[in-house]
1. For Lys59, are the conditions met, namely being of a type outside the set (A, V, I, L, M, F, W, C), away from the ligand (no atom under 15 Å from the Cβ) and surrounded by 15 or more Cβ atoms within 10 Å (Cβ to Cβ)?
2. Can you name every residue in segment 42-52 that is in a loop (DSSP other than H, G, I, E, B) and more than 16 Å from the ligand (Cβ to nearest atom)?
3. If Pro39 meets every condition in (1) of a type outside the set (A, V, I, L, M, F, W, C); (2) at pLDDT 95 or above; (3) under 30 Å from Gln110 (Cβ atoms) apart from one, which number is that one?
4. Here are the criteria: (1) polar (S, T, N, Q); (2) within 12 Å of the ligand (Cβ to nearest atom); (3) surrounded by fewer than 18 Cβ atoms within 10 Å (Cβ to Cβ). Tell me which single one Gln260 does not satisfy.
5. Just one of (1) surrounded by 17 or more Cβ atoms within 10 Å (Cβ to Cβ); (2) in contact (Cβ under 8 Å) with a residue 40 or more places away in the chain; (3) touching an Asp or Glu at 6+ places or on another chain (Cβ under 8 Å); (4) farther than 19 Å from Ile215 by Cα trips up Ser160, so point out which.
6. So which residues in segment 198-220 are charged (D, E, K, R), under 25 Å from Gln110 (Cα atoms) and not in a loop (DSSP other than H, G, I, E, B), if there are any at all?
7. Just to be sure I understand, how many residues within segment 32-58 are touching a Ser or Thr at 6+ places or on another chain (Cβ under 6 Å) and aliphatic (A, V, I, L, M)?
8. Look at Gly326 and say whether it is out of contact with any strand residue (DSSP E or B) (no Cβ under 6 Å at 6 or more places or on another chain), at pLDDT 95 or above and closer than 18 Å to Asn173 by Cβ.
Amino acid sequence: MKRPENDYAALANPAVLTQPTYEPGRPIEDVAREFGLDPAGIIKLASNENAIGPSPLAKEAASRALDGLNYYPDGASTVLRARLAAHWGLRPSQFVIGNGSNEAMILLAQALLCPGDEVVFGAQAFVVYKLAALLFGAKPVPVPMPSRTHDLAAMRAAISERTKLVFLACPNNPTGTVNPAAEILAFARALPSHVVLCLDEAYTEFLEEHEAADIRPLIAEGVKIVGARTFSKIYGLAGLRVGYLYAAEELIALVQRARQPFNVNLPAQHAAAAALDDVDFVRNTRAANNAGLRQIEAGLRALGLQYTPGRGNFTVFDIPAHVPGGAMSVFDALQRRGVIVRPLAGYGMAESLRVTIGTTAQNERFLAALKTVLDT
Ligand SMILES: *Cc1c(COP(=O)(O)O)cnc(C)c1O
């Protein structure tokens with residue numbers, strides 16, 4: 001008897017069937033294989049990773065944790081949450097830890113969103129917000145971003161009776177732009193009470209402390225706001241996958257219900273707790289990043305290229321219309337020279353590329369490769 005076809009699509013949850021795929025920065029090994037290059041000679045400036053390396057204190061803690069790999073991790077991440085509570089002056093019950101802040105934001109969406117709900121976010125903001133909406137049958141409501149910065153008035157105007165969740169990143173990825181802290185706090189305070197604002201603070205540590213919006217007083221006042229933080233960027237732990245949400249404990253308790261029992265691995269929990277103590281590493285990374293941003297921006301100006309002044313650990317620059325093949329051909333030619341950057345066509349910025357700030361030497365190499373590519 002003939003077996004039925006493998007038409008699993010007919011069985012699929014429609015939200016999964018229509019879920020767009022996230023396009024990550026290309027791994028070094030892929031590019032080495034495609035272009036026949038030595039992986040050791042390739043630099044990846046495509047995923048906003050920390051060019052200096054992982055926090056040394058975190059690395060040590062992760063190594064020590066390896067002897068316990070036969071045990072499940074503490075599912076509640078008790079030590080890390082206590083450490084975060086002390087760090088922020090909040091209670092441990094106000095934190096939920098995720099396998100990266102990406103997972104934490106998906107769990108937030110899962111805890112809140114029902115089919116028919118609306119999710120408001122910037123049209124050139126992190127694509128995960130749209131994915132989170134679609135995955136749970138909610139409607140994505142992208143709001144145009146003139147000058148590539150979140151337009152808070154337009155976002156406010158896009159909120160309806162059905163809006164459940166708003167995502168706002170500051171600095172934003174991929175554009176690097178920031179909204180002033182006072183405006184973010186005023187925006188949050190003015191939201192109707194059926195709306196939760198998720199402030200994605202993945203790159204906030206790259207700002208000076210006084211520039212960042214402190215949402216803790218708002219949480220205490222009962223404003224419906226949740227902060228999302230990651231250890232992937234300034235702490236240099238992208239490979240371990242750990243991030244967290246902080247908010248009112250009533251919201252955190254809901255998100256905890258959506259979480260898998262052991263979602264954060266053992267070395268990650270130990271490394272993240274140690275990283276919080278690595279104040280010198282954070283300070284050095286921030287200083288190196290500021291210098292690297294200036295280096296890249298000066299280099300782009302010298303090449304006559306337009307860029308978006310940003311405050312993250314990356315810069316978006318535009319390829320002029322007269323360059324044959326546009327941004328994709330520049331992306332490709334840079335790869336042939338062993339430099340991986342990120343195309344932004346998926347964000348409606350087909351003429352732009354995003355480069356992560358590397359070490360001084362990597363930034364020089366990127367700028368030299370870019371000059372060669374544009375000259376030929
Ligand atoms: C990198 C990034 C994150 C964090 O991702 P992880 O899952 O923690 O690695 C979150 N938001 C934005 C905007 C990012 O760019």
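The values are calculated or read from the model by the stated rules, or taken from the named source; none is laboratory data. These numbers were taken from a predicted model, which means no experiment stands behind them. Don't worry about glycine lacking a Cβ; one is built from the backbone with ideal geometry, like all the others, and counts go over all protein chains shown.
1. Values: of a type outside the set (A, V, I, L, M, F, W, C): yes; away from the ligand (no atom under 15 Å from the Cβ): yes; surrounded by 15 or more Cβ atoms within 10 Å (Cβ to Cβ): yes.
Yes.
2. Narrowing segment 42-52 to residues in a loop (DSSP other than H, G, I, E, B): 42, 45-52.
Answer for segment 42-52, where residues must be in a loop (DSSP other than H, G, I, E, B) and more than 16 Å from the ligand (Cβ to nearest atom): Ile42, Ile52.
3. Tallying (1) of a type outside the set (A, V, I, L, M, F, W, C); (2) at pLDDT 95 or above; (3) under 30 Å from Gln110 (Cβ atoms), Pro39 fails exactly one: (3).
4. Answer for Gln260: the failing condition is (2).
5. (1)
6. Hits for segment 198-220 are Asp200, Arg216.
7. Of the residues in that region, 3 qualify.
8. Working: out of contact with any strand residue (DSSP E or B) (no Cβ under 6 Å at 6 or more places or on another chain): yes; at pLDDT 95 or above: yes; closer than 18 Å to Asn173 by Cβ: no.
No; evaluated as a whole, the condition is false for this residue.
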